[in-house]
Amino acid sequence: MLTEEAVKRAAAGKTRTDATVHTIEEMAARVEEGVQTFQQIVASTNQQQLGIEQVMGALQNIRQASQQTAAGTREVETASANLTELAQNLMALAERYRF
């Protein structure tokens, strides 16, 4: 009778052990899924960071180009004013020495 009871307890212990092993395996699989998801999030975040840096660089280039265009426009304006003044002086000289 003691042997029979011991066998029943051993069988019950094995059943519990098997259930525990199964539960631990499921937990390990879920943890692994979580790790993979986290790694994907990290990779995506890194890609977004690179994209943001590229956009910031492009914006800086646009700002510099705008500043250069504005400076060029001011130079053209100054040259135009100088040409206008020279043309007026030339016309005045032509009027003066008209035959």
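Here the condition is being loosely packed, with under 10 Cβ neighbours inside 10 Å and in a helix (DSSP H, G or I); of E95, E32, it holds for E95 alone.
Could you tell me whether V21 is open to solvent by 90 Å² or more (accessible area, probe 1.4 Å), modelled with pLDDT of 95 or more and in a helix (DSSP H, G or I)?
On the way: open to solvent by 90 Å² or more (accessible area, probe 1.4 Å): no; modelled with pLDDT of 95 or more: yes; in a helix (DSSP H, G or I): yes.
Here the answer is no, as V21 does not meet what is asked.
The values are calculated or read from the model by the stated rules, or taken from the named source; none is laboratory data. It should be emphasised that the depicted structure is a prediction, and the values quoted were computed from it without experimental measurement. Quick reminder, even Gly has a Cβ in these numbers, built from the backbone with ideal geometry, and neighbours come from all protein chains shown. When the accessible area is computed, the model is the full protein with side chains, heavy atoms only, and any ligands, DNA or RNA have been set aside. Shrake-Rupley method; radii C 1.70, N 1.55, O 1.52, S 1.80 Å.
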